[in-house]
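To keep things clear, I will list the structure first and then write my remarks on it.
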Amino acid sequence: MAQEKANVASGAPPKPTRSNKKAAPAFVKYYLFTYNVLSTIGWAYILIFTVIHVLDLDGKSTSIAYTSPTASFTLGRLFSSIPFLRTTQKINTVGGLEARLHPLLVPFYRRAATTFGRIGIATAWIQSCALLEVLHVLLGWVRSPLQTTAMQVSSRLFLVWGIVEQFESVRSNPLYTSMVFAWSLTEVIRYSFYACNLLGYEPYVLLYLRYTTFYVLYPLGASSEAFLIYATLPSTSPIPSWSSWIMGMWKPADYIRATLFLIWWPGLYIMYTHMIKQRRKTLGSGRSLAAKKTD
């Protein structure tokens, strides 16, 4: 979720001939600046309306149709598939998880189940615009690795178009709200940082937020993604077996999504530890932090 994207460096090499080869054309810089500004605005829109909806700040959240939440099924099926936890089946009933919440949290939980109705379409199209980032790498306008950029963009598009758009139950899952919240806050920080960088500025606040907020936002977003994938698996048999295969309860696409659910977790660990290393490399020790903050 906190994928690195190359910044356009503005330097003054000693030899004009070399600088002409390395420096991007002016229109590219203006285009990238515009792209990052518009991306910041788009994700800020999603972030703001997600918060407004969950907190019901405009009083319109209750007007959006409420459907039975599915997070209880997601957690219940996961726990019930573990042999020594099969006795805790109550959470697998409709509203089971909601019934265990404190009364003050229930309204937030219910509104989180209808967030898609407020920002679902906008999220799909704004996230789809990230395909341009692959094009930016192919054209050599940014120096990000093509493989990692393509993987990040494709994983997001898979969630948006392959999971959320295809499964109605996922759209009413509160985990959709936590996923979009993590995405939008991360992207607002990331794109605004890039936009400032293209202007030759590197605000310490944005730099610090970019390499710190992932401690919470990345596990929140990635785990929400994984459990939304899990929520699409056949409810009759949440864990594949010979009987589920023989009886046709699992289709080939279900096995693919189950595999993705399993590899999501080691992927989370690899990316999480990588970002910790990147934070240490960028921000350094406490002494380095103090020095950068005074710059």
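Inside region 121-130, residues that are part of a helix (DSSP H, G or I) and crowded, with 17+ Cβ neighbours inside 10 Å make up a count of 3. Do the conditions hold for Arg257, that is, is it surrounded by 13 or more Cβ atoms within 10 Å (Cβ to Cβ), within 24 Å of Ala182 (Cα to Cα), among the charged types (D, E, K, R) and at pLDDT 85 or above? Here the answer is yes, as Arg257 does meet what is asked.
Does Thr114 satisfy the criteria of being under 13 Å from the mean Cα position of the chain (by Cα) and touching a residue at least 12 places away in the same chain (Cβ under 8 Å)? When the stated conditions are applied, Thr114 does not pass them. Is one or more of the residues making up region 110-119 closer than 13 Å to Trp43 by Cα and assigned to a helix (DSSP H, G or I)? Within region 110-119, one or more residues are closer than 13 Å to Trp43 by Cα and assigned to a helix (DSSP H, G or I). Looking across Leu138, Leu105, Leu146, Leu159, one residue alone is open to solvent by 60 Å² or more (accessible area, probe 1.4 Å), modelled with pLDDT of 95 or more and among the aliphatic types (A, V, I, L, M). It is Leu138. Taking the criterion of being of a type outside the set (A, V, I, L, M), at pLDDT below 85 and open to solvent by 40 Å² or more (accessible area, probe 1.4 Å), the residues of region 197-254 that qualify are Ser235, Thr236, Pro240, Ser241, Trp242, Ser243, Trp245, Gly248.
Okay, residues lined up against (1) open to solvent by less than 20 Å² (accessible area, probe 1.4 Å); (2) touching a Lys or Arg at 6+ places or on another chain (Cβ under 6 Å); (3) modelled with pLDDT under 95:
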| residue | (1), (2), (3) |
| --- | --- |
| Gln166 | no, no, yes |
| Ser169 | no, no, yes |
| Ser178 | no, no, no |
| Phe181 | no, no, no |
| Val188 | no, no, no |
| Ala195 | yes, no, no |
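Scanning region 36-93 for residues that are open to solvent by 40 Å² or more (accessible area, probe 1.4 Å), among the β-branched types (Val, Ile, Thr) and modelled with pLDDT under 55, which turns out nearest to Leu198 (Cα to Cα)? Checked region 36-93; the qualifying residue nearest to Leu198 (Cα to Cα) is Thr67.
The values are calculated or read from the model by the stated rules, or taken from the named source; none is laboratory data. Keep in mind it's a predicted model, so treat the numbers as computed, not measured. Heads up, the Cβs are rebuilt from the backbone with ideal geometry, glycines too, and the neighbour counts pull from every protein chain shown. Accessible surface areas use protein heavy atoms only, side chains included; no ligands, DNA or RNA. Shrake-Rupley method; radii C 1.70, N 1.55, O 1.52, S 1.80 Å.
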